[in-house]
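The values are calculated or read from the model by the stated rules, or taken from the named source; none is laboratory data. The structure displayed is predicted, hence computed values, not measured ones. Because the Cβ atoms are built from the backbone with ideal geometry, glycine has one as well, and the counts that use them run over all protein chains shown. Heavy atoms of the whole protein, side chains included, go into the accessibility calculation; ligands, DNA and RNA do not. Shrake-Rupley method; radii C 1.70, N 1.55, O 1.52, S 1.80 Å.
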Amino acid sequence: MIRSWLVAFVDDPRSPRRWWDVFTRPGFRHVQAWGWDADAGVWVVYSVFTDSTMVDALPPGDLADAMIGGICAVSSAVLRFEPPAQPERGRMPRLGFWCVPAAAHLLGIRTGALVPHQLYRDLLRRGATPAYEGCLGGIIERTEDRPGGRGSQST
């Protein structure tokens, strides 16, 4: 079970710009999450794209370090969020299936956020905390953020 998710707000310069980017802020074009599953001993990485959904279970090691490091390298912010024990009551609005409602659904929260920056602000209001220092390519990982990893390292 994943008790704490790391939620990355991404703006990968290699990604093609889309028409809907006019609604997003630089640094907040996409959101994805990963968390440590202590029972299974793996990192679970989750991301919804326009044409696919990625769910990876990665044991600690070079592949996990490379994937998580790659996410961090293009993230403007990474928040630690501990979801409620039970998903919030009521229906979760899903007008579509893109990264923001998918991440909110994964985290078990009801939100009106439609774009990543709105979800970022909503998570902060719900008690999420910054998980990494620095930004875009210069994020420094804190040891406590990698329970199955190799400790503190620069990504």
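Looking at Asp11, Asp37, Asp65, Asp21, which is the one that is surrounded by 13 or more Cβ atoms within 10 Å (Cβ to Cβ), more than 17 Å from Ala102 (Cβ to Cβ) and touching a Pro at 6+ places or on another chain (Cβ under 7 Å)? Explain how you work it out, then say what you get.
Values: Asp37 fails: touching a Pro at 6+ places or on another chain (Cβ under 7 Å); Asp65 fails: touching a Pro at 6+ places or on another chain (Cβ under 7 Å); Asp21 fails: touching a Pro at 6+ places or on another chain (Cβ under 7 Å).
Unique residue meeting the criteria: Asp11.
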Next item on the list: Tell me, yes or no, whether region 76-95 has at least one residue that is within 12 Å of the chain's Cα centre (by Cα) and at pLDDT below 90.
Entry: yes
Check: Taking the condition surrounded by fewer than 22 Cβ atoms within 10 Å (Cβ to Cβ), aliphatic (A, V, I, L, M), in contact (Cβ under 8 Å) with a residue 40 or more places away in the chain and part of a strand (DSSP E or B), does Val78 pass?
Finding: no
Margin query: Looking at Ala33, Ala104, Ala66 in this structure, which one is small (Gly, Ala, Ser) and more than 14 Å from the chain's Cα centre (by Cα)?
Written below: Ala66
Note to self: For region 99-155: of the residues being modelled with pLDDT of 90 or more and basic (Lys, Arg), which is surrounded by the fewest Cβ atoms within 10 Å (Cβ to Cβ)?
What the structure shows: Arg125
Check: When you look at Val7, is it under 18 Å from Arg126 (Cβ atoms) and touching a residue at least 24 places away in the same chain (Cβ under 8 Å), yes or no?
Finding: yes
Next item on the list: Return the pairs, sorted by first residue and then second, in which the second residue is open to solvent by 30 Å² or more (accessible area, probe 1.4 Å), the first residue lies in region 40-59 and is at positive phi, the beta carbons are less than 7 Å apart, and the residues are 6+ apart or on different chains.
Entry: Gly41/Pro59
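Provide a single number: the residues in region 40-51 that are part of a loop (DSSP other than H, G, I, E, B) and either open to solvent by less than 70 Å² (accessible area, probe 1.4 Å) or modelled with pLDDT of 95 or more (or both).
Residues in region 40-51 being part of a loop (DSSP other than H, G, I, E, B) and either open to solvent by less than 70 Å² (accessible area, probe 1.4 Å) or modelled with pLDDT of 95 or more (or both): 2 in total.
Restricting to region 2-24, name every residue that is assigned to a loop (DSSP other than H, G, I, E, B) and out of contact with any Asp or Glu (no Cβ under 9 Å at 6 or more places or on another chain).
Asp11, Asp12, Pro13, Arg14, Ser15, Pro16, Arg17, Arg18
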